[in-house]
Amino acid sequence: MRRFQGVFVVLLLISAGSVYAWDSDDVSIHGFASTGFMWSDHYNFLVASEDGSFEFNEVGLNFGAAIRDNMRIGLQLYSFDLGEIGNNEIKLDWAFIDYEWKEPLSVKAGKIKTPFGLYNEAQDYDMLHTAVLFPQGIYSKNMRESLISFQGINVYGKISLGWAGKFDYDLFLGTSEIDTDGGVAKLISRGGLIFKSGKMDYLAGNRIKWHTPLKGLNFCGSFIQFQMKYFGQKNFPLSTFNPALPDQLTVPVNVILPLNNAYTYILSVEYSFENLLFAGEYYGLISRESSYLDLSTLGGGARVFVGEEDSRLRSCYALLSYRFNDWFEAGTYYSIYVVDEDFDSTDLINSQKDFAFSARFDINESWLVKLEVHFMGGAAYILEADNPDKENDLESHWTLYAIKTTFNF
Amino acid sequence: MKKNRLISFLSIMILIIVISPEVDSATGDLLIIAHKNTPVSRISPDALADIYSNSKTKWSNGDKIFVVMLKRGAVHEAFVHGLLGTTSKKLIAIWKRVIFTGVGTPPKIVRTEAEMLDYVANKKGSIGYISSKSVNNEVRVLSLR
């Protein structure tokens, strides 16, 4: 795998001599490589940022070919490193066969980027946006694997509405795997629970984007319903099951955490006028998480119900960016994220505010550099896995700095 | 008298330009070209913008539209700024998103007008742009409306 990664990097370096993708009439090849550094004055966020970390990079290589005029195949290999997750393991980012039957009706099957909100499909590709980090309350890098792509089928199309504009739609159904050592594993591993495995049993969703008659103004609505299951392990004192036994003796017990009938949605608006872009999104994730213990090794049932908890995450942001000239673009956004039924943004543990400023410098068509600063309020983004002493070391305001450079062809 | 004639001449010229429903080029001597089997002979600037932003992917007869673009140059800039009303940066950003998210067919990029002409002449469903001095009768010239 390391040798493959080495060859991969060499290929990208060779192509640096030419800004053109490799393109014949049959196959096109494109790629990108990004690397960055993050530092924060409090908390480890995404990476070991309190000490500063270079464990922040992505590499991608994609291939596309037309089988017939209306049918094409494509695949993209992707690897990333983000602190303890990713670790530059090369994986299939997407791979599908796409049949464009008619403009209002086409179908794609395979591993597909999930159509969700304005930027879910594009969030991994640094050269496609101004910011280094998208608002993490919606486009969380830690939770990326849960909704970034799925294996299944996507029916899509574009429909003209005449004077009322046009709309694009996506309908999709599929499933996906959860990495045992990814961001979801980090998030679930808290309070002594160790994540073992997870699976998205199914996800079904749709996205509709209305391109209004006013050029540049678009509205978008996305909805996904899904069912997920996590498996973990936790040490329980034996006294939990038999009060006569001492607390000091513990036993590992398998924990099953199904997330049934969960759904998530995003409402979006985007307006672009010449070099100005405005975007705003409102997001919600509603789920009921149940807990079961597998006590079969202790002579009990294999699925003993412990309890259930409703969860309601909300987030919203407003973003502005402006391209001043061919080489400089600047942007800012303000986002709020709340893990709370009542949307209480003053609760430090369960809320997060993020005021970000970004500067993007396009050295040439293929190479860019970004500088970014985040003024953060709250600690809802902060994972216990990265900050074991989080609750005893709460800081209401902290700052994150990021610098990143990307080459693409 | 001379001033009146000049005013009359200019007025007539303006009138001719305004009432002309179709012109063979929208910007100087820039021409929109398409494969000879393309089912249209005219195209609106809005339709052109939709095609070059991946918003329109099929001709009216169901044939797939294959977009061709010049890599750079005066003809390319005249097309992007003058006809599409956008910037090269924005156009490149749109197509990079198509490429890296896999949501459509990326455009064919050619380096010269000769390559543009050759591709459009031979690829069914293709559309491109060229200066009038470079065009030949192997492609269809679309009128702008």
Relative to chain A, whose Cα atoms define the longest principal axis, helix A:2-15 and its Cα axis are tilted in degrees, nearest 10, by 20
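Taking each residue of B:101-113 in turn, how many C-beta atoms of other protein chains fall within 10 Å of its C-beta, and what is the average?
Values: counts 14, 18, 13, 5, 9, 7, 1, 3, 4, 1, 1, 0, 0.
Mean shielding count: 6.
What value does the range A:99-179 have for Rg/Rh, both radii from Cα atoms and Rh as Kirkwood defines it? Walk me through the numbers before you get to the answer.
Values: Rg = 14.7 Å, Rh = 14.3 Å.
We get a ratio of 1.03 for the range A:99-179.
Which of the GluC sites (Glu not before Pro) across the range A:267-343 are loop residues per DSSP, with 16 or fewer other Cβ within 10 Å? List each step's numbers first, then the result.
On the way: sites: A:E270, A:E274, A:E281, A:E289, A:E308, A:E309, A:E329, A:E341; in loops: A:E274, A:E341.
Filter output for the range A:267-343: A:E274, A:E341.
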Chain A, Gaussian network, Cα under 10 Å: of A:W327, A:W210, A:W39, the residue fluctuating most is A:W327
Computed about the Cα centre, the charge dipole of the range A:263-385 from +1 Lys/Arg and -1 Asp/Glu charges at the Cβ has a magnitude in debye, to the nearest 20, of 100
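Tell me, what does the Kirkwood hydrodynamic radius of the range A:182-327 come to in angstroms if you use every pair of distinct C-alpha atoms? Each step should come with its number before you reach the end.
On the way: mean 1/r = 0.0531 Å⁻¹.
Averaging 1/r across every pair of different Cα atoms and inverting gives 18.8 Å.
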Length-normalised contact order of chain A, Cα under 8 Å, at least 6 apart, in percent, tallies to 14
Surpassing 27 Å at the alpha-carbon level, of the pairs A:K215/B:K89; A:K215/B:K36; A:K158/B:K108, are A:K215/B:K36
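Per residue of A:30-40, how many C-beta atoms from partner chains lie within 10 Å of its own C-beta, taken as a mean? Please list the in-between numbers first.
Details: counts 4, 2, 3, 0, 0, 0, 0, 0, 0, 0, 0.
Mean partner shielding for this stretch: 1.
Relative to the present Cα-Cα distance, how much length would full extension add between A:S239 and A:L105 at 0.36 nm per residue of separation? Could you put the intermediate results ahead of the total?
Values: separation 134, 0.36 × 134 = 48.24 nm, distance 6.05 nm.
42.2 nm is the gain from fully extending A:S239 to A:L105.
Taking the Cα centre of chain A as origin, work out the dipole magnitude from +1 charges on Lys and Arg Cβ and -1 charges on Asp and Glu Cβ, in debye rounded to 20. Let's see the in-between values first.
On the way: 32 positive and 52 negative charges, 226 e Å.
Computed charge dipole of chain A: roughly 1080 debye.
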Dividing the alpha-carbon radius of gyration of the range A:23-71 by 2.2 N^0.38 Å, where N counts its residues, gives 1.95
1/(1 + (r/R0)^6) with r = Cβ-Cβ of A:T212 and A:N392, R0 = 30 Å, i.e. FRET efficiency to nearest 0.05, evaluates to 0.05
Env charge @ B:F66, Cβ radius under 10 Å, K,R +1 / D,E -1, value +2
Per the Kirkwood formula over distinct C-alpha pairs, the hydrodynamic radius of the range A:261-409 in angstrom is 18.7
Sorted largest first, the Cα spans of the range B:64-137 on the principal axes come out in Å as 37, 26, 18
Projecting the Cα atoms of A:G162, B:V135, A:V253 onto the charge dipole of the protein assembly as shown, where Lys and Arg contribute +1 and Asp and Glu -1 at Cβ, the residue farthest towards the positive end is B:V135
For the range A:145-198 (alpha-carbon point model, no solvent) the Debye-based log₁₀ I(q)/I(0) at q = 0.24, 0.27 Å⁻¹ works out to -0.90, -1.00
Reduced to Cα centres, the span from the range A:173-211 to the range B:37-114 in Å works out to 37
The whole-number value in µm²/s of the Stokes-Einstein translational diffusion coefficient for the range A:19-137, with Rh from the Kirkwood sum over alpha carbon pairs at 4 °C and 1.567 mPa s, is 79
Measuring from its Cα centre, the range A:50-191 shows a charge dipole (+1 at each Lys and Arg Cβ, -1 at each Asp and Glu Cβ) which, in debye to the nearest 20, is 700
Log10 I(q)/I(0) at q = 0.07, 0.10, 0.14 Å⁻¹ for chain A, from Debye over equal alpha-carbon scatterers, is -0.37, -0.75, -1.48
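Bear in mind that the values in this text are calculations on the coordinates, not laboratory data. The structure displayed is predicted, hence computed values, not measured ones. Using ideal geometry, Cβ is built from the backbone for each residue, glycine included, and neighbour counts are taken over all protein chains shown.
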